[in-house]
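Each remark here refers to the structure printed beneath this line.
The values are calculated or read from the model by the stated rules, or taken from the named source; none is laboratory data. Owing to the predicted nature of the structure, the values given are computational and were not obtained by experimental measurement. Note that we place each Cβ from the backbone using ideal geometry, even for glycine, and neighbour counts take in every protein chain shown.
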Amino acid sequence: MFASGNGSNFEALAAAAATGSLGGSLEVVLCDQPGAGVLARAARLGIESLTPPTGRFRSKLEDESPWLAALRERRIDVVVLAGFMRRLHATLLTPFAGRMVNIHPSLLPAFPGLDAIGQAYRHGVRVTGCTVHLVEDAIDAGPIVAQAAVAVHEHDTLESLTARVHEAEHALFAPALRRYLTEPWHIDGRRLVFGAGEGLVLPEPEAAHG
C-alpha cells in the first residue's frame with residue numbers, strides 16, 4: 001500500500017485482511033511522509049512499513065525506482081493507494097498497469113484532484129461519494145471498480161460531510177478490492193466489466209498482495 005496520511009483506510013483494509021475477507025494480504029506500507037499516522041497504525045498491526053526517498057518535489061516522486069525496487073523485492077502483485085498525495089509516472093505505472101488501485105473521495109469523474117470533498121461541498125451538489133478506480137497516468141481518471149453515493153444534507157458542514165464520505169470509503173474499499181482480486185474482469189473501452197471476456201485479468205487471489 002502507498003499512503004501519505006492518517007491511515008484510516010489502511011486500517012479498515014487491514015481489518016478485512018485479518019478476517020480473510022479482503023481477497024489478499026497487506027504486506028507492506030510505503031509512505032512518503034515520515035511522521036504520518038499510517039506508520040504508527042502499521043507498527044501497531046505488525047505490518048512492515050517503509051519511507052523510501054521522495055526527492056525535491058511535493059507533488060511527485062523525484063525518482064520512483066527505489067519504490068519499485070521495494071515492491072519487487074517483496075514480490076508485490078497489486079499496489080493499493082489510500083490517501084497517497086503524489087502523482088505517479090511510468091516507472092511505477094507501466095509494470096503495475098491494471099494492478100494499481102486508488103480510492104478517491106468523490107463520484108468520479110466529478111471533482112478529481114485535491115480537496116475533492118471541499119470541491120463538492122462548495123459546488124453545492126446534493127450527492128457526492130467515493131470511487132475505487134484503477135490508476136493511470138492522469139489524475140483520478142482510471143476505469144472505475146466501484147462507487148458509493150453520499151447524500152449532502154441541507155445543514156451539512158464541510159466537517160460533517162467529510163466524516164460521512166470517509167465512513168463510505170471504509171465501507172466500500174474492502175468489498176471493492178475483494179471483488180477486483182477474486183473475480184474475473186476485463187476492460188471494455190473505458191469501463192471495467194466484471195465477468196469473463198478478453199482483456200487484463202489478475203492472478204489467483206492467493207497470489208495477490210498489497
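Considering only segment 47-56, I want to know if a residue exists there that is more than 20 Å from residue 134 (Cα to Cα), part of a loop (DSSP other than H, G, I, E, B), of a type in the set (A, V, I, L, M) and over 14 Å from the mean Cα position of the chain (by Cα). Please lay out each step first, then the result.
Of the residues in segment 47-56, the ones more than 20 Å from residue 134 (Cα to Cα) are 47-56.
Going one step further and asking which of them are part of a loop (DSSP other than H, G, I, E, B), we end up with 47, 51-56.
Now drop any that are not of a type in the set (A, V, I, L, M), which leaves 47.
Those still in the list that are over 14 Å from the mean Cα position of the chain (by Cα) too: 47.
Looking through segment 47-56, at least one residue is more than 20 Å from residue 134 (Cα to Cα), part of a loop (DSSP other than H, G, I, E, B), of a type in the set (A, V, I, L, M) and over 14 Å from the mean Cα position of the chain (by Cα).
One residue stands out in segment 59-91 among those that are touching a residue at least 12 places away in the same chain (Cβ under 8 Å), in contact with a Lys or Arg (Cβ under 8 Å, 6 or more places away or on another chain) and charged (D, E, K, R): the one that is surrounded by the most Cβ atoms within 10 Å (Cβ to Cβ), namely 77.
Return yes or no: is residue 119 in contact with a strand residue (DSSP E or B) (Cβ under 8 Å, 6 or more places away or on another chain) and not assigned by TED's automatic domain parsing to the domain that holds residue 12? Spell out the reasoning first.
Working: in contact with a strand residue (DSSP E or B) (Cβ under 8 Å, 6 or more places away or on another chain): no; not assigned by TED's automatic domain parsing to the domain that holds residue 12: yes.
No: the conditions fail for residue 119.
For segment 5-14, the set of residues classified as surrounded by fewer than 22 Cβ atoms within 10 Å (Cβ to Cβ) and more than 8 Å from residue 174 (Cβ to Cβ) consists of 5, 6, 8, 11, listed by residue number. Screening residue 143 with (1) outside the structural domain of residue 10 (by TED's automatic domain parsing); (2) without any contact (Cβ under 8 Å) to a residue 40 or more places away in the chain; (3) surrounded by 14 or more Cβ atoms within 10 Å (Cβ to Cβ); (4) under 19 Å from the mean Cα position of the chain (by Cα) gives one miss only, at (2). With respect to the stated conditions, residue 78 is touching a Gly at 6+ places or on another chain (Cβ under 7 Å), closer than 16 Å to residue 1 by Cα and not small (Gly, Ala, Ser).
Need pairs with beta-carbon distance below 7 Å; first residue without any contact (Cβ under 8 Å) to a residue 12 or more places away in the chain and within segment 30-53, second surrounded by 13 or more Cβ atoms within 10 Å (Cβ to Cβ); sequence gap 6+ or separate chains. Taking only residues 6 or more apart or on different chains, the pairs are 43/49.
Just to verify a result, which residue in segment 149-197, among those that are of a type in the set (Ser, Thr, Tyr) and loosely packed, with under 15 Cβ neighbours inside 10 Å, is nearest to residue 104 (Cα to Cα)? Reasoning before the result, please.
First, pick out the residues of segment 149-197 that are of a type in the set (Ser, Thr, Tyr): 157, 160, 162, 180, 182.
After this cut, where a residue has to be loosely packed, with under 15 Cβ neighbours inside 10 Å as well, the list is 157, 160.
Working: 157: 20, 160: 18 Å.
So the residue we want is 160.
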